[in-house]
Structures are given as structure tokens and as C-alpha cells.
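All remarks here apply to the structure that follows.
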Amino acid sequence: MKRMDRDAALQDFLERHVLEGWLGDLSLIEQYVEEHNEQIEADLLSAFEAVCEKALLQQRAGMKGDIQYMYISLLRTSLLENKAYYRIDAHDANWFLDPVECAELWSADFVFRPLFNRMAGLEEVKRDYARKITSMDIEQITQIEAVKYHLLTLQFLKTMIPALITSPKLEELAKAEPFTLSAGEYRDESIILCKLERQTAEAGAASPFAERGEKRWIIST
């Protein structure tokens with residue numbers, strides 16, 4: 001290894017060992033999902049329904065109003081422990097000022113595990129760089145690389161929307177309108193996965209739903 005300053009060493013490290021590495025992880029993730037698809041889907045649905053059950057109990061106790069927002073949010077702090085936890089929260093109209101916590105954790109390790117394994121390997125590789133690359137650098141690289149795996153997780157969540165929105169546990173909840181299900185990072189940027197609104201009949205149109213309205217899901221893409 002030729003002598004380099006820290007900036008040059010970091011750039012060489014990234015180009016040689018980091019930047020294209022995620023491409024090789026895609027096939028690993030795809031294979032794992034194919035082999036464990038039923039369990040992966042069941043785990044998400046179980047965590048989602050656990051939140052719904054908690055919210056329902058809180059509503060019955062008069063502790064929480066109609067649920068208007070549910071979030072599935074990446075907890076970046078979990079990445080420091082080589083875990084990929086998402087927190088599923090349910091809020092009433094008070095949103096983040098909702099005083100009653102209602103949350104459950106869901107593990108997305110099935111997406112992030114190849115990233116963690118790759119980052120662990122970098123601890124050995126960094127020895128070739130004469131202490132110019134540190135474990136703290138690798139932690140920062142992990143946080144940056146995690147964005148790619150987070151986006152993959154969001155794609156998985158989108159495929160799960162039909163199962164989530166037809167859950168009997170969600171149906172039991174008293175929900176405000178429009179009710180939104182979003183995903184992103186905890187108390188940070190998020191995208192709306194779907195929105196529940198009440199569709200009313202057009203004026204003068206004959207419809208059995210003209211008076212009470214018809215609920216339908218609008219899927220955000």
C-alpha cells in the first residue's frame with residue numbers, strides 16, 4: 001500500500017471496498033426473502049397488529065382518540081448494534097404531541113444483514129491503511145450505506161400494504177379521516193404509503209353509500 005494522507009486513504013478505501021459492495025448484497029437479500037417470505041411477512045403483520053391492539057385498549061380506556069397517523073420508522077441508533085429495528089407508532093390527531101405512547105418494534109434484519117456482514121469485514125480491511133481508517137469511519141459509512149437498504153425496506157413495505165390495510169385489528173380501531181400510514185425515519189422525513197378517506201357519492205347520483213359514505217384506500221406511489 002503506497003503512502004497516503006488520510007483523505008486519499010479514505011477515498012481509496014471507499015472506492016475499493018465500499019461503493020459497489022451493495023450491488024452484491026442484492027442477490028443475497030432476494031434469495032433470503034424468497035426462502036423465508038412467509039415468515040418475513042408474518043413478522044411484520046404481527047408487529048403491526050400488536051400496535052393496533054395496544055391502540056384499541058388505549059381507546060377503550062379513554063386514553064387515546066381516533067387514530068389518524070401510523071408510522072413505520074427506521075431507528076438509526078439500532079444500526080450501531082448491528083440491528084435494523086423499525087418502530088411502528090400509532091398517534092391520534094395530536095400527532096407527535098400525542099401524550100400516550102403506542103409503539104412496537106419490527107426487525108428488518110433480513111434486508112440489512114448483508115450490510116452488517118460487509119461492514120464487519122471492513123474492520124479487517126482497514127488494517128491495510130495504517131490507522132488512517134478508523135472504526136468510527138466505518139460506523140459513519142454504515143449510516144450512509146444504510147440509506148440504500150432503507151429504500152429496499154420501503155419497497156417491501158409497499159408490497160405489504162394490501163395485507164396491512166385489510167387487517168381485522170386495524171379495522172377495529174376508531175380512525176380519524178384522513179387516516180395515513182407512512183414510512184421513513186423516526187421523527188424525520190417520511191413518505192405516505194397509503195391514505196384512508198371517505199368517498200362520497202356525486203351530487204344527484206344514486207348510490208347505497210350516498211348518506212354514510214364509502215371508505216376506500218388510496219395507495220400512494
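Using the Cβ-Cβ distance between GLU101 and LEU80 with R0 = 25 Å, the FRET efficiency computed as 1/(1 + (r/R0)^6) comes to roughly 0.65.
Relative to the longest principal axis of the Cα atoms of the chain, helix 6-17 runs at roughly 70 degrees. Counting only protein heavy atoms and a probe of 1.4 Å, the accessible surface of the chain is 51% carbon and sulfur.
Across the chain, the relative contact order, built from alpha-carbon pairs under 8 Å that are at least six residues apart, equals 22 percent.
Here P(r) over Cα pairs in 10 Å bins from 0, in percent was calculated from the structure, and among (i) 7, 28, 27, 18, 12, 6, 2, 1, 0; (ii) 8, 31, 32, 18, 8, 3, 1, 0; (iii) 8, 34, 39, 17, 2 it sits at label (i).
Lys and Arg at +1, Asp and Glu at -1: add these up for the other residues within a Cβ distance under 10 Å of PHE96 and post the number.
Working: positive: ARG187; negative: ASP89, ASP98.
Result for the local shell: -1.
Based on C-alpha pairs under 8 angstrom that are at least 6 apart in sequence, the range 6-97 has a relative contact order of 21 percent. For ARG76, ARG60, ARG6, ARG187, the ranking by accessible surface with the largest value first comes to ARG60, ARG187, ARG6, ARG76, using a 1.4 Å probe. Here VAL125 sits with roughly 40 square angstrom of accessible surface, probe radius 1.4 Å.
Taking Cβ atoms as reference points and 13 Å as the exclusive limit, the residues near PRO168 contribute a net charge of -3, counting Lys and Arg as +1 and Asp and Glu as -1. Estimated at 0.36 nm per residue, the fully extended path between SER135 and LEU19 surpasses their Cα-Cα distance by 40.0 nm. Within the same chain, lysines fewer than 8 places from LYS148 are excluded, and of the rest, those with a Cα less than 20 Å from its Cα are LYS83, LYS158.
Label sites at ILE191 and VAL33, each approximated as a point 7 angstrom past Cα along Cα to Cβ, lie 1.3 nm apart.
Each residue was assigned an accessible area with a 1.4 Å probe, and for LYS195 the value is about 60 Å². Distances between placed amide hydrogens fall under 5 Å for ALA176 paired with ILE67, GLN68, all partners being 5 or more residues away or on another chain. Rounded to the nearest 10 degrees, the inclination of helix 135-159 to the longest alpha-carbon principal axis of the chain is 30 degrees. Note on LYS54: aspartates and glutamates with a C-alpha under 19 Å away, same-chain residues under 8 apart excluded, are ASP43, ASP66, ASP89, ASP92, ASP98, GLU101, GLU104, GLU171, GLU172.
Ordering THR77, THR134 from largest to smallest accessible area (1.4 angstrom probe), what's the sequence?
Details: THR77 100, THR134 60 Å².
Ranked from most to least accessible, the order is THR77, THR134.
Of GLU145, GLU197, GLU49, GLU171, the order by accessible heavy-atom surface (1.4 Å probe, DNA, RNA and ligands excluded), from most exposed downward, is GLU171, GLU197, GLU49, GLU145. You can think of it this way: the chain between ALA176 and ASP43 has 45.2 nm of extra reach, that is 0.36 nm per residue less the Cα-Cα gap. Computed 3J(HN,Hα) for the range 73-81, one whole-Hz value per residue from the Karplus formula 6.51 cos²θ - 1.76 cosθ + 1.60 where θ = phi - 60°, is 10, 5, 9, 5, 4, 5, 5, 5, 9, glycine and proline marked x.
Nearest 10 degrees, 0 to 90: what angle lies between the long axis of helix 21-60 and the longest principal axis of the chain (Cα atoms)? Around 40 degrees separate the two axes.
The values are calculated or read from the model by the stated rules, or taken from the named source; none is laboratory data. These numbers were taken from a predicted model, which means no experiment stands behind them. Ideal geometry is used to build each Cβ from the backbone, glycine not excepted, and the neighbour counts take in all protein chains shown. Please note that ligands, DNA and RNA were not included when accessible areas were found on the heavy atoms of the full protein model with its side chains. Shrake-Rupley method; radii C 1.70, N 1.55, O 1.52, S 1.80 Å.
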